[in-house]
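Enquirer: My questions all concern the structure below.
The values are calculated or read from the model by the stated rules, or taken from the named source; none is laboratory data. This one's a predicted model, so the numbers in the text were calculated from it and none came from an experiment. Neighbour counts are summed over all protein chains in view; Cβ atoms, including those assigned to glycine, are modelled from backbone coordinates with ideal geometry. SASA here: full protein model, heavy atoms, side chains in, ligands and nucleic acids out. Shrake-Rupley method; radii C 1.70, N 1.55, O 1.52, S 1.80 Å.
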Amino acid sequence: MELAPSIDEIRYVYELRAEKMNNPAMLSLGSSAIGKNYCETTINVSAEGNVKYCGTFGDNLIIGNVRHKNILDIWEENKEKLVCPKPKGPCAICANSSFCYGCRANAFYFTGDEKNSDPTCWLNPDARLVYEKYLRRP
């Protein structure tokens, strides 16, 4: 845990990226590298054929495998599970929620629920408390 960056360090990196790319609008995505349109319009198929709604989730969220079943059948049988979940909390009501809702994987890994707000985003007023609590775990 000692290697994990602080919320301020995360913000600094994203501010530096926006500055270097001469695109201050990138800061409106908070700590997410991509917007919600990407998350809502893609599914992930790994090299092993595993299907998930997000490639950054571990094997616990695999929906199916294209080596064992047709991708269209996997989609038809699991539409609800393959759609990136809408967040609750600050990410749901953020001023930037029309194009960003934080990283669902960060929410899952830090809080255990991918619907929670992203605890690595400095725009989330609850982030510091949740993130730092997680980092203090033994």
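Enquirer: List every residue pair whose Cβ atoms sit under 7 Å apart, with the two residues 6 or more apart in sequence or on different chains, where the first one lies in the range 49-60 and is within 9 Å of Arg104 (Cβ to Cβ) and the second, anywhere, is assigned to a loop (DSSP other than H, G, I, E, B) and open to solvent by 20 Å² or more (accessible area, probe 1.4 Å).
Expert: The qualifying pairs are Tyr53/Ile43; Tyr53/Val83.
Enquirer: While we're here: On the given criteria, is Glu76 in a helix (DSSP H, G or I), of a type in the set (D, E, K, R), exposed (fewer than 13 other Cβ atoms within 10 Å of the Cβ) and at pLDDT below 85?
Expert: So Glu76 does not fit the description; no.
Enquirer: Failed condition for Phe57, given (1) of a type in the set (Phe, Trp, Tyr); (2) open to solvent by 40 Å² or more (accessible area, probe 1.4 Å); (3) part of a loop (DSSP other than H, G, I, E, B), with all others met?
Expert: (2)
Enquirer: Name the residue that is modelled with the lowest pLDDT, counting only residues in the range 1-47 that are in contact with a strand residue (DSSP E or B) (Cβ under 8 Å, 6 or more places away or on another chain) and closer than 16 Å to Pro85 by Cβ.
Expert: Ile43
Enquirer: Given the conditions (1) touching a residue at least 24 places away in the same chain (Cβ under 8 Å); (2) open to solvent by less than 80 Å² (accessible area, probe 1.4 Å), which single one is not true for Ile63?
Expert: With (1) touching a residue at least 24 places away in the same chain (Cβ under 8 Å); (2) open to solvent by less than 80 Å² (accessible area, probe 1.4 Å) applied to Ile63, the lone miss is (1).
Enquirer: Check the range 80-88 and report whether any residue there is buried (at least 18 other Cβ atoms within 10 Å of the Cβ), on the phi < 0 side of the Ramachandran plot and modelled with pLDDT of 85 or more.
Expert: yes
Enquirer: Checking Val51 against (1) in contact with a strand residue (DSSP E or B) (Cβ under 6 Å, 6 or more places away or on another chain); (2) loosely packed, with under 11 Cβ neighbours inside 10 Å; (3) among the aliphatic types (A, V, I, L, M): exactly one of these is not met. Which one?
Expert: Among (1) in contact with a strand residue (DSSP E or B) (Cβ under 6 Å, 6 or more places away or on another chain); (2) loosely packed, with under 11 Cβ neighbours inside 10 Å; (3) among the aliphatic types (A, V, I, L, M), Val51 violates only (2).
Enquirer: Taking the range 1-45 as the region of interest, how many residues are open to solvent by less than 30 Å² (accessible area, probe 1.4 Å) and without any contact (Cβ under 8 Å) to a residue 60 or more places away in the chain?
Expert: Count: 1.
Enquirer: Does Ala127 qualify as being without any contact (Cβ under 8 Å) to a residue 24 or more places away in the chain, buried (at least 19 other Cβ atoms within 10 Å of the Cβ) and in contact with a Pro (Cβ under 8 Å, 6 or more places away or on another chain)?
Expert: No; evaluated as a whole, the condition is false for this residue.
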